[in-house]
Amino acid sequence: MPDVYAMINEVDEATLDQVAQAMEISAADPQHLDMLRDYLSDLGLDKGAEAPTGGEARARVLEIGCGTGAISRVLAGLPGVREVVGADPSAALLDRARSLSSTRSNLSFLQADGRDLPLPEADFDVVVLHRVLSHVPGPQTLLAQAHRVLRPGGRLAVFDGDYSTITLATGPTDPLQTCVDAFIPAYITDPWLVRRLPALLDGAGFTHGRLRSHGFAQIEDPGYMLTIADRGAEALVAAGRIGQALADALKAEARRRVSDHTFFGHIAYASLTARRATG
Ligand SMILES: C[S@@+](CC[C@H](N)C(=O)[O-])C[C@H]1O[C@@H](n2cnc3c(N)ncnc32)[C@H](O)[C@@H]1O
């Protein structure tokens, strides 16, 4: 089954609701916010700045693949950010993004595929790709567009999951891991992308820094990891591998572990920041 996010304009309303909820749940998690702030601090966006000439030094930021806008909203509130544009191919997700950000005057949204941006060259100081590139067939094309819309010297920040390592297992042959095994191909185009990220950025003409690893473990209150168990169980039903009764039992097992304090879920994320050359 192809990645739901890569065919976002073809999915049914129920699937769209589910992915929209998963985005908001995961972006609201304090661990997730810490990872976001951590790599954004590499760009200095957590600090306000006055240009030496007295002009505007705060950044104009583009988030490609903004979905419901959860990350764009955080970006728009940072002291070093003047304005944020969130771009996504899904008009339905952008409707949600607009209503969730209606009080922010420095945030706007644009319906666009990141591989074909209707934006002028050198228009942004910063481009952010948060959990997007691993969903996009042809990530090189999207990176070429990010490079084009960045001003010379502008910064790119990429954050994605090393999704081949997602785990819900607490031991060998753990049945909950079958949910992960089904989730990965149904929701991620390239679960190994993070491992090729430095080479991909080099190929797109960026100069990159050090790849940073961010561990995300959910044990108590595992809102996001439960969405993976649920979506994986449903993917097994959709693929005809199991019946609904077993899917419901897998979901119930995940919740039993939460109430018994034996639940464990982990995703290894990674971030990499890079610069467009000034010459
Ligand atoms: C996992 S969601 C991440 C959303 C948001 N960045 C966040 O972290 O909350 C992936 C997003 O990538 C978007 N997407 C998929 N293909 C895309 C493409 N070719 N160009 C831009 N965005 C794309 C999807 O519509 C979806 O909103």
Worksheet, complete the sentence: For the chain, the charge dipole (Cβ of Lys, Arg +1; Cβ of Asp, Glu -1; about the Cα centre) points to a positive end, and the Cα of 87, 39, 133 closest to that extreme belongs to 39
Fill in: Net dipole in debye of the chain [+1 Lys, Arg Cβ; -1 Asp, Glu Cβ; about Cα centre; nearest 20]
740 debye
Worksheet item: Taking neighbour counts of Cβ atoms within 10 Å as a proxy for exposure, in what order, fewest first, do 275, 96 appear?
Response: 275, 96
Worksheet item: Cβ under 12 Å from residue 167's Cβ, residue 167 left aside: what net charge do those residues give with Lys, Arg +1 and Asp, Glu -1?
Response: -3
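Where nothing but the Cβ of Lys and Arg (+1) and of Asp and Glu (-1) is charged, how large is the charge dipole of the stretch 180-279 around its Cα centre, in debye to the nearest 20? Mind showing how you got there, number by number?
Numbers: 12 positive and 10 negative charges, 101 e Å.
Dipole of the stretch 180-279, to the nearest 20 debye: 480 debye.
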Discussion item. Sequence gap at least 6, Cα distance under 8 Å: using those rules, report the relative contact order of the stretch 175-279 to the nearest whole percent.
Written reply: 44 percent
Worksheet item: Can you pull the three principal axis extents for the Cα set of the stretch 1-117, in Å, largest first?
Response: 52, 31, 27
Worksheet entry | Surrounding net charge for residue 105, when Lys and Arg each add one and Asp and Glu each subtract one, Cβ distance under 12 Å | +1
Worksheet item: Which of the listed residues, 165, 179, 204, is farthest toward the dipole's positive end in the stretch 127-264, when Lys, Arg count +1 and Asp, Glu count -1 at the beta-carbon?
Response: 204
Worksheet item: Going by a ≥ b ≥ c, the root eigenvalues of the Cα gyration tensor, does the stretch 201-263 fall in the rounded group (a/c under 1.5), the prolate group (a/b larger than b/c) or the oblate group?
Response: oblate
Fill in: Summed side-chain charge close to residue 71 - residues other than residue 71 whose Cβ falls under 10 Å, Lys, Arg +1, Asp, Glu -1
+1
Worksheet, complete the sentence: Taking only the alpha-carbon positions of the chain as identical scatterers, the Debye log10 I(q)/I(0) at q = 0.07 Å⁻¹ comes out as -0.26
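Here, each number is a calculation from the coordinates, and none is a lab measurement. Quick caveat, the model's predicted, so the values are computed rather than measured. Every residue, glycine as well, gets a Cβ built from its backbone with ideal geometry; the counts of neighbours run over all protein chains shown.
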